[in-house]
Amino acid sequence: MRLHDGRERRKKALLKAEHINCGYGGPPVVKDISFQVGEGESLCILGPNGCGKTTLLRGLSGILPIKGEVSVQGKDLKGMSARQRGRKIALMSQLAETYFSYTVYETVMLGRYVHQQRGLFAGRSPEDERMVEESLQKVGMLPQADRLITELSGGQLQRVYLARTFAQDPQVILLDEPTNHLDLKYQVELVESLKEWVGQGDRCLVGVFHDINLALSFADQVLLMEDGRTAALEEAENLDLALLNRIYGLDVKAYMKDSLKRWE
Amino acid sequence: MFLLIMAALAAMILGIGLGSVSVSPGEILEVLWEEIIPGGQAQEKAASREDAGVQAGAATQTDEAAKTNAVSRVDDVTRTLVMNIRLPRVLLAFLVGAAMSVCGVVMQSVLKNPLASSYGLGVSAGAGLGAALVIVTGAASGLLGAFLLPAVSFGFGLITVVLVLGIASRIDRGLSNVTIVLIGMVLSLFFTAVMNLLATISPTYSQRINLWLLGSFSMKDWSSVGILAVVLVLCLAVFAGFAREMDIMTFGEEQALGMGVDLKRCKWILIGTVAVLTGTAVAFAGIIGFVDLVAPHVVRRFFGSSHRKVLPASALFGGAFMVLCDLAARTLASPREIPIGSITALLGAPFFLYIYFGKGKHAGKAKKASKNADR
């Protein structure tokens, strides 16, 4: 699955971001970031708090206005309607609690919105139902389909939102720290289900992860950010440890060794 | 849902029947039945009813009226009471209650805020200011005033919402919820202050302004019922068309955008429609609070949050609740009438607490929600 040859990747590029600048009205938070992600590939964004990772994801998904260009399969996202964009690219944002009591099934069905007709008499198709059940199955929440999301734990809710993102059936999934709130076991399972998803057809993933280990075990490419700029864009295995240490302000390898010692 | 429809009908029959003169449900149904069926017999009765209406005060019946009595058992005083006073009043109360509740549902979803209501947008404050202006300038008296008062207050309510949204989108192009709520709050308080100022400097009118503000369903005719019914049906159709978008919007703006909802367009359309509906309701009945806040919560307790169910159920529940509140308003301290605005809160608050913390399919969530908010 991995494409070690840079040139080969460029040929099959599915998601292209060119000279992205974006922010919240003031000076840009994300400054001139470019990358490409090929079919079946995953890109992981790393960087310390406040370096602009989430802002970049928001810019890519069209939530924030950007300078620069984002395209999926050569098609610029800028000219698209919200619905068209929603069929290409989905953002799974950081966990947000909700007060409103939908069932798990209803929540995941909302992911089908971009594929359904709009308006008064829009109904759900058998295809919608199949996708919802399949997505729930993938995250292991099918047995809980009738529960209310307000009764779920944070980790369960996170998995429901992931299922909803799967049900949206986009070509690109953007993930903002999807493993927050998850037990170790579910972190691993989530990464596995993401890998499986991205392996099917013309899809790709861009994710922000807190856990460097998890990120590197999962990603083909790593985008390391510092103060809104690209510090490094590398194959995951080529990532420069010295650079990582400098940007995080910590001897990353030593820290991980220390935490491993506990079990020896 | 079926139960709710039956309850709403029962509330309406109760609302028509009880009062200074009681009418039995059987009589009500009979009157309605005869009024609905057209034909020569009904016309004949209509003619005789006019006569009876003239002499109703004296409580004497003409021969003609007596003849009608023989035919239908229900005397014409009762008939006039039901058709010209009780029925329009009950229908208006139902429509206003339904309109307010539905607006509450929409605002709570659009602003992702369980505390939101259409009043937070400044509709009521604007409408109140408009009404106060009409009353203070003395234009409210006379035939023209009867039309001018609702028209101006409706216009002012709408202008306020446009102002709120205009300023909010000027400050923040994404039109985010916090900005809308904040600007709505600021403008509401400002307009309320201007209105209070008006009331203070013209003490002769201040009582009238206050009475209008507290709301009432008295002295309303069929035309207001008709207008409100048409507006309500149209607005409900718009809301129903956006039911799924509203579902998605309760998950917050970022998720809605990520799921392919054209958020800005939805917000403009939905809030605009809410403004029209609230404006119409307020123009006819004054400012009646509480129903719009509470009805959606009560309904979600039993039907879940999906707007396909919450919208119609809220309309039914809010309408029935308003009919009962109006009934209480005119019977509890009879012959005086308690302002309906204070009744809704007076009856509503304990009822709400009972429902909310009591048993139900979705009970116990309030506690969880507040726990989550703490995190």
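Quick note: the coordinates plus some simple rules give every number you see, no bench work behind them. Everything numeric in this text was worked out from a predicted model, so none of it was measured. Note: ideal-geometry Cβ built from the backbone for every residue, glycine included; neighbour counts use all protein chains shown.
Beyond 29 Å between alpha-carbons counts as too far, so tell me which of A:K16/A:K257; A:K67/A:K138; A:K12/B:K267; A:K75/A:K195; A:K88/A:K257; A:K185/B:K112 fall in that bin. Walk me through the intermediate numbers first.
Values: A:K16/A:K257 36 Å; A:K67/A:K138 36 Å; A:K12/B:K267 39 Å; A:K75/A:K195 25 Å; A:K88/A:K257 41 Å; A:K185/B:K112 33 Å.
Those over the limit are A:K16/A:K257; A:K67/A:K138; A:K12/B:K267; A:K88/A:K257; A:K185/B:K112.
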Most mobile listed residue (A:L46, A:L91, A:L184) in chain A, GNM with C-alpha springs under 10 Å: A:L184
In nm², the average projected area of the convex hull spanned by the Cα atoms of segment B:191-252 is 7.2
As a footprinting exposure proxy, order A:T54, B:T344, B:T80, B:T278 by other Cβ within 10 Å, with the fewest listed first. B:T80, A:T54, B:T344, B:T278
Rounded to whole Å, give me the distance from the Cα center of segment A:57-101 to that of segment A:192-264. 23
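Take the alpha carbon atoms of chain A, find their radius of gyration, then divide it by 2.2 N^0.38 Å using N residues; give the quotient. Display every interim value, and only then the final one.
Numbers: Rg = 18.7 Å, N = 264, 2.2 N^0.38 = 18.3 Å.
It is 1.02.
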In units of 2.2 N^0.38 Å, the Cα radius of gyration of segment A:96-169 is 1.05
Tell me the mean residue ellipticity at 222 nm calculated for chain A from its helices only (DSSP H runs of n ≥ 4, each -39500 (n - 2.57), averaged over every residue, nearest 500). -10500 deg cm²/dmol
P(r) weight above 17 Å for segment A:81-127, C-alpha pairs, percent: 47
So for segment B:249-356, what percent of the C-alpha to C-alpha distances run longer than 22 Å? 44
Percent of all Cα-Cα pairs per 5 Å bin for segment A:31-81, counting from 0 up to the last occupied bin, reads 4, 16, 28, 27, 17, 6, 1
Taking every DSSP beta bridge with both residues inside the protein assembly as shown, roughly what % is antiparallel (nearest 5)? 55
How would you rank B:I343, B:I159, going from fewest to most other Cβ atoms within 10 Å of each one's own Cβ? B:I159, B:I343
Report the FRET efficiency, 1/(1 + (r/R0)^6), for A:L184 and A:A254, where r is their Cβ-Cβ distance and R0 is 30 Å, rounded to 0.05. 0.85
Using a cut-off of under 15 Å, list every residue of segment B:327-354 whose amide N is near the label point 7 Å from the Cα of B:L14 along the Cα-to-beta-carbon line. B:327-332, B:344, B:347-348, B:351-352
Need one number: nm distance between label points at B:L115 and A:E133, each 7 Å from Cα along Cα→Cβ, rounded to one decimal. 4.3
Taking the Cα-to-Cβ direction at A:T230 and at B:Y356 and moving 7 Å from each Cα, how far apart do the two end points lie in nm? 5.3
Put a dot 7 Å past each Cα toward the Cβ at A:E18 and A:R124; how far apart are the dots in nm? 4.1
FRET efficiency, A:W263 to A:E196 (Cβ-Cβ, R0 30 Å, nearest 0.05): 0.55
Any idea what the dipole of segment B:244-364 comes to, in debye rounded to 20, about its Cα centre with Lys/Arg Cβ at +1 and Asp/Glu Cβ at -1? 300
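Report the rotationally averaged projected area of the protein assembly as shown based on its alpha-carbon convex hull, in square nanometres.
Numbers: hull surface 139.3 nm².
The number I arrive at for the protein assembly as shown is 34.8 nm².
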Taking the Cα centre of the protein assembly as shown as the origin and placing charges on Cβ (Lys, Arg +1; Asp, Glu -1), which of A:L241, B:I180, A:Q171 is farthest toward the positive end of the dipole? A:L241
Report the charge-dipole magnitude of segment A:96-169 in Debye, nearest 20, computed about the Cα centre from +1 at each Lys and Arg Cβ and -1 at each Asp and Glu Cβ. 120
